[in-house]
Amino acid sequence: MLALAGYPLGLKFRFLDETRGPAADVADWRLASFSDNDALDRFADGVDLVTYEFENVPVSAAAHLASRLPLFPPPRALSVSQDRLAEKDFLSSLGIATASYTAVRSREELEAAAGRLGPSCVVKTVRHGYDGRGQVVLRQPADAAKAWDMLGRTGRTLICEQLVPFTRELSVVAACGHGGKMAVYPLVENEHRAGILFSTVAPAKSVSEALTADAHSIARRVCAALEYVGVLAIELFDCNGTLVANEIAPRVHNSGHWTIDGAETSQFENHLRAVAGWPLGGAAAALPSRMLNFIGEVPPLTPLLEIAGAHIHLYGKEARPGRKLGHVTVCGVDEEDADRLFRKAAQMVGAPVLAARS
Ligand code: AMP
C-alpha cells in the first residue's frame, strides 16, 4: 500500500522481507534475513532512504541501514515499541497514563502480580505479541497458574497489566514531518474481536474537543520524545473521557486504512511525504468511513462491490485463521448513510475466522 501510494508521486520502491509478501507483486523485492548485513548492504545500494512498516524489524538491522543512509522512523521507535515493558516505561516517563503493570519472570511473580493488580488482568509476552497472540486474560488470581503454563514456560519475560475497564477503544494516527510538523488524523473507534482489529469507525462518534486535545497531546509528546519522522499510531482506551494509552505502532496502521478512501490524504501517502521531507497532506476526514477487516477468509466480493461507496483492498496473502487478508472501506454521504452501509457490509463480511491463541 506504500508503493501504491508512492507511484503517483514519482517514487520507486525496493522491498526486503524474510518471507514473500504482497509487495513482491508490485515492486522490486528481495528475500533475505534481517540479520544478513551483506544482503542489507545490497538492498541499500542505489537507494535514497529506507523506511519500514513492520515493528518487528530487528533494531540491529535498522541501525545497520541507518549507518549508511537516511532511515525513518528512527530505530529508537522500534526498540520502544518491540518491548511492552520499555513501551509502558516510556509512556509513563512522558506522563501518559497506561494500565498499571509489572514485569513477571516466574510463576510466583505472576501470582503475586495477579493478586495485586487483579481480580482482572491480562498477561502478555513482552516481545513478539500482536493481534492478541501471546496474551491471556485472568479473571481471578487463581487463573495465574494456567496463564503461566501457557506463556511463561518458554522463559520469556511477561508483563501483567490491569484489565482496563474501557468504554471503547480509540486510536490516533499522526504523520510527523521533519522539524516537528504534524498532521493528525481524526480519532477513530476500533472494535477488536479476540484481540484482532475487526472494524474502524472514522471519525469516532461523540468525540469532545477535550478528548481530541488529549489525544493530540499524547501523539505530540510521543513523537517529540522519539524525534519521530513518519506515520505512527497510538492505541488508546477511552475510560469515560479519560485516555489510557495501550500501544504505540511505529508505522502505518490498520486503524488508518480508512484514510485511503475516506481522508484528504491517505496515511500511506503521508508516511512517504514525511520520510521524504515533503509537505504533509491534509489529515481531515473527507467522508464518514467505516473499515472492516477480512480475517481468515475473503468474503464473496460481488455483493460488497454492489454497495455504493465500498472500496475493497485485498492483500494477496494466503488464507489462514486469524490472518488479515484484506479490508473493505465504506464511505457514506453522512454519518447515517455510513452506518447503513457499514451494517450492510458487516453482514456480508460475517464473523471472522479466528486463530487459536497461543
Ligand atoms: P494489544 O496486543 O496490547 O494491542 O491488545 C489487543 C487487545 O486486547 C486490545 O485492543 C484490547 O482490546 C485488549 N487489551 C489489551 N490490553 C488490555 C488491558 N490492559 N485492558 C483491557 N483490554 C486490553
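The values are calculated or read from the model by the stated rules, or taken from the named source; none is laboratory data. Worth saying up front: this structure is predicted, and the values here are computed from it rather than measured. Heads up, the Cβs are rebuilt from the backbone with ideal geometry, glycines too, and the neighbour counts pull from every protein chain shown. Please note that ligands, DNA and RNA were not included when accessible areas were found on the heavy atoms of the full protein model with its side chains. Shrake-Rupley method; radii C 1.70, N 1.55, O 1.52, S 1.80 Å.
Observations, loosely collected:
- Cross-link reach list, lysines versus LYS205, counting only Cα pairs under 24 Å and skipping chain neighbours closer than eight places: LYS344
- Amide H to amide H distances under 5 Å link PHE13 with ASP28, where only residues 5 or more positions off or on other chains count and H is placed in the peptide plane.
- Equivalent-ellipsoid semi-axes of the range 94-203, from the Cα gyration tensor, Å, largest first: 31, 16, 14
- Length-normalised contact order for the range 170-252 - Cα pairs under 8 Å, 6+ apart - percent: 31 percent
- All other residues whose Cβ lies under 14 angstrom from that of ARG107 are scored, Lys and Arg at +1 and Asp and Glu at -1, for a net of -1.
- Förster radius 25 Å - calculated FRET efficiency between GLU264 and ARG220 (Cβ-Cβ, nearest 0.05): 0.80
- Largest to smallest accessible area among ILE260, ILE96 [probe 1.4 Å]: ILE260, ILE96
- Set of the range 41-55 residues, backbone N closer than 14 Å to the point 7 Å along the Cα-Cβ line of LEU69: 41-52
- Long-range Cα-Cα pairs in the range 242-321 (distance over 14 Å), rounded percent: 71 percent
- Size descriptors for the range 1-47: radius of gyration and Dmax over Cα atoms are 11.2, 32 Å.
- 3J(HN,Hα) along the range 150-158: 6, 10, x, 4, 6, x, 6, 5, 10 Hz, from the Karplus curve 6.51 cos²θ - 1.76 cosθ + 1.60 with θ = phi - 60°, whole Hz, x for Gly and Pro.
- Accessible-area composition of the chain, carbon plus sulfur, in percent [1.4 Å probe]: 51 percent
- Looking at the range 1-81, none of the trypsin sites (Lys or Arg not before Pro) sits in a DSSP loop with at most 10 other Cβ atoms within 10 Å of its own Cβ.
- Straight-distance candidates among the aspartates and glutamates for linking to LYS88, with alpha-carbon spacing under 12 Å and chain neighbours fewer than 8 residues away dropped: GLU161, GLU247.
- Built amide H within the under 5 Å cut-off of HIS192, gap 5+: PHE198
- Eligible aspartates and glutamates near LYS181 by straight Cα distance, threshold 14 Å, same-chain separation 8 or greater: GLU227
- Average accessible area per residue (Å²) across the chain - probe 1.4 Å, nucleic acids and ligands excluded: 44 Å²
- Taking every alpha-carbon pair under 8 Å whose residues sit at least 6 apart, the chain reaches a relative contact order of 14 percent.
- Take the Cβ atoms of PHE54 and THR242, set R0 to 25 Å, and the FRET efficiency comes out at 0.20.
- Antiparallel DSSP beta bridges within the chain, as percent of all bridges there, nearest 5: 90 percent
- The calculated FRET efficiency for the pair ASP45 and GLU227, based on their C-beta separation and a Förster distance of 35 Å, comes to about 0.85.
- Amide hydrogen neighbours beyond the local backbone of LEU236, cut-off 5 Å, H modeled: LEU170, SER171, VAL172, ASN246
- Quarter of the Cα convex hull surface for the range 130-189, i.e. its orientation-mean projected area (nm²): 6.8 nm²
- Ellipticity at 222 nm from helices only: DSSP H runs of n ≥ 4 in the chain, each -39500 (n - 2.57), divided by the residue count, give -8000 deg cm²/dmol.
- In the range 221-358, Rg over Rh equals 0.99, where Rg is the alpha-carbon radius of gyration and Rh the Kirkwood radius from pairwise Cα distances.
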